[in-house]
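Notes for the one structure printed next.
The values are calculated or read from the model by the stated rules, or taken from the named source; none is laboratory data. Quick caveat: nothing in here was measured; it's all calculated off a predicted structure. Note: ideal-geometry Cβ built from the backbone for every residue, glycine included; neighbour counts use all protein chains shown.
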Amino acid sequence: MDTRSVVVIGAGQAGLSAAWHLQRLGLAAERDYVILDANAGPGGAWRHRWPSLTFDAAHGLHDLPGLPLGVPDPAEPASAVVARYYGSYERRFGLPVHRPERAEAVGDAGSGRLRVRTAGGEWLARTVINGTGTWDRPYWPWYPGREQFRGRQLHTHDFRSADEFRGQRVLVVGGGTSALQFLLQLDAAGARTLWSTRRPPEFTTAPFDAGWGVEVERKVNERTRAGLPPLSVVAATGLPLNQMYRAGIESGVLVSRGRLERLTADGVVFADGSAEPVDAVLWATGFRAALDHLAPLHLREPGGGILMGTDGVTVPRRPGLFLVGYGASASTVGATRAGRAAAAAAVRFLAADRHDGAAAAPASVPAGA
């Protein structure tokens with residue numbers, strides 16, 4: 001069994017940021033810490049995004065610490081841009097990424113240690129920084145008749161190209177920015193679209209600036225610090241009413257038909273009683289935190305979420321475990337900050353563990369580091 005001071009699970013924005021800060025705080029790559037990545041190559045969840053999602057249409061990507069992204073071609077697929085950037089980052093700083101190595105279970109190993117089991121073996125860790133994100137857990141809501149619908153159903157997770165739906169009647173379900181982008185792409189590709197949202201779309205003209213980001217994080221943190229599941233992205237941010245979306249509203253493409261009531265064999269029925277035939281349903285209904293491998297630690301609160309500490313990364317139920325990319329740190333800017341906080345918290349934990357009689361660890365890090 002391989003033993004490390006820190007095992008980082010996930011090589012996305014949060015995991016890479018945490019690894020960079022671990023090195024900066026004195027841990028040696030490979031000897032003291034490793035990164036386990038379930039993917040075949042760099043890029044995290046971004047490597048799975050559909051090819052038509054160009055960089056200019058993607059959610060903003062925050063720079064990783066120590067290496068700015070620069071100015072990529074806005075027309076290049078976001079998956080290619082990010083995979084190249086993350087790969088360069090790993091090589092530049094010599095980050096010890098083991099792939100493909102998916103964490104299947106994390107449990108107690110006694111003496112305060114954690115055991116990380118993968119398909120290839122086991123790792124014994126004094127601390128674990130978990131940055132597995134949400135991509136591997138798409139959320140499929142249940143509606144009456146979903147099993148009887150004879151058309152095609154797919155999730156954002158499985159979308160590849162709007163051209164596949166040319167000439168078809170497609171219902172997009174969901175109130176986030178992915179739904180808006182799908183509707184516009186499908187319409188441009190020659191599909192006939194319908195849009196369903198549970199609530200009226202929450203468009204906003206508020207500037208997405210630093211003050212906005214702080215307010216969004218505050219709203220999300222209120223829930224995670226109460227042990228409740230995190231808010232969806234759109235519930236915390238609203239939809240930016242930019243020129244492209246304004247045009248979509250004016251054309252009728254971005255006008256919601258309201259809540260979906262049920263599916264039929266060949267179509268759908270909305271809450272207002274109206275019915276429409278459809279050939280396909282695209283569930284743009286978001287994702288949930290991919291944390292099933294942490295189930296042996298019994299972290300869930302009665303509210304369904306995981307109680308987080310005031311630093312946004314510490315899990316009071318399990319000292320030595322730190323979550324990044326969960327709750328307020330699910331955004332790329334939040335993930336970068338969370339990686340820094342988790343690395344500092346992990347090194348402080350190791351120093352305290354050493355003081356209690358464990359093996360040597362790096363020097364203590366001030367709380368503000």
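Kindly indicate whether R126 is over 23 Å from the mean Cα position of the chain (by Cα), surrounded by fewer than 20 Cβ atoms within 10 Å (Cβ to Cβ), at pLDDT 95 or above and not aliphatic (A, V, I, L, M).
Numbers: over 23 Å from the mean Cα position of the chain (by Cα): yes; surrounded by fewer than 20 Cβ atoms within 10 Å (Cβ to Cβ): no; at pLDDT 95 or above: yes; not aliphatic (A, V, I, L, M): yes.
Against the criterion (over 23 Å from the mean Cα position of the chain (by Cα), surrounded by fewer than 20 Cβ atoms within 10 Å (Cβ to Cβ), at pLDDT 95 or above and not aliphatic (A, V, I, L, M)), R126 does not qualify.
To keep it simple, each residue is scored yes or no on (1) in the same structural domain as A58 (by TED's automatic domain parsing); (2) more than 30 Å from R166 (Cα to Cα); (3) at pLDDT 90 or above; (4) touching a Leu at 6+ places or on another chain (Cβ under 8 Å).
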| position | (1), (2), (3), (4) |
| --- | --- |
| T224 | no, yes, no, yes |
| G227 | no, yes, no, yes |
| P230 | no, yes, no, no |
| V269 | no, no, yes, yes |
| L297 | yes, yes, yes, yes |
If you take the residues of the stretch 312-330 that are within 18 Å of V8 (Cβ to Cβ) and over 19 Å from the mean Cα position of the chain (by Cα), which of them is surrounded by the fewest Cβ atoms within 10 Å (Cβ to Cβ)? P319
Here are some residues: R262, R257. Which one is within 21 Å of A284 (Cβ to Cβ), outside any loop (DSSP other than H, G, I, E, B) and either modelled with pLDDT of 95 or more or touching a strand residue (DSSP E or B) at 6+ places or on another chain (Cβ under 8 Å) (or both)? R262
Return the residue satisfying two criteria in turn: it lies in the stretch 75-86 and is surrounded by 16 or more Cβ atoms within 10 Å (Cβ to Cβ) and not hydrophobic (A, V, I, L, M, F, W, C), and of such residues it is nearest to V34 (Cα to Cα). Y86
Members of the stretch 271-299 found to be assigned to a strand (DSSP E or B) and free of Cβ contacts under 8 Å to residues at least 40 places away in the same chain, listed by number: A275
Just wondering, is there one or more residues in the stretch 90-98 that are without any contact (Cβ under 8 Å) to a residue 40 or more places away in the chain and not in a helix (DSSP H, G or I)? no
For residues that are within 14 Å of the chain's Cα centre (by Cα) and among the small types (G, A, S), scanning just the stretch 34-55, find the one that is surrounded by the most Cβ atoms within 10 Å (Cβ to Cβ). G44
Check off (1) modelled with pLDDT of 95 or more; (2) out of contact with any Leu (no Cβ under 9 Å at 6 or more places or on another chain) for V106 and give me the number that stays unchecked. (2)
Assuming R31 fulfils every condition listed in (1) within 21 Å of H155 (Cα to Cα); (2) without any contact (Cβ under 8 Å) to a residue 60 or more places away in the chain; (3) surrounded by fewer than 19 Cβ atoms within 10 Å (Cβ to Cβ) apart from one, which condition is it? (1)
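Looking at A236, A284, which is the one that is at pLDDT 95 or above, surrounded by 15 or more Cβ atoms within 10 Å (Cβ to Cβ) and within 15 Å of the chain's Cα centre (by Cα)? Outline the logic, then answer.
Numbers: A236 fails: at pLDDT 95 or above.
Sole residue among the options that is at pLDDT 95 or above, surrounded by 15 or more Cβ atoms within 10 Å (Cβ to Cβ) and within 15 Å of the chain's Cα centre (by Cα): A284.
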One residue is enough: does the stretch 39-62 have a residue meeting the conditions at pLDDT 90 or above, within 28 Å of L350 (Cα to Cα) and either out of contact with any helix residue (DSSP H, G or I) (no Cβ under 7 Å at 6 or more places or on another chain) or in a loop (DSSP other than H, G, I, E, B) (or both)? no
Matching residues, the stretch 315-351, being at pLDDT 90 or above and in contact with a Pro (Cβ under 9 Å, 6 or more places away or on another chain): G339, R340, A344, V347, R348, F349, L350, A351
Test set (1) assigned by TED's automatic domain parsing to the domain that holds W20; (2) in contact with a helix residue (DSSP H, G or I) (Cβ under 9 Å, 6 or more places away or on another chain) - G175 fails condition number: (1)
In the stretch 63-89, anything farther than 21 Å from A341 by Cβ, in a loop (DSSP other than H, G, I, E, B) and either touching a Gly at 6+ places or on another chain (Cβ under 6 Å) or charged (D, E, K, R) (or both) is listed as D73, E76
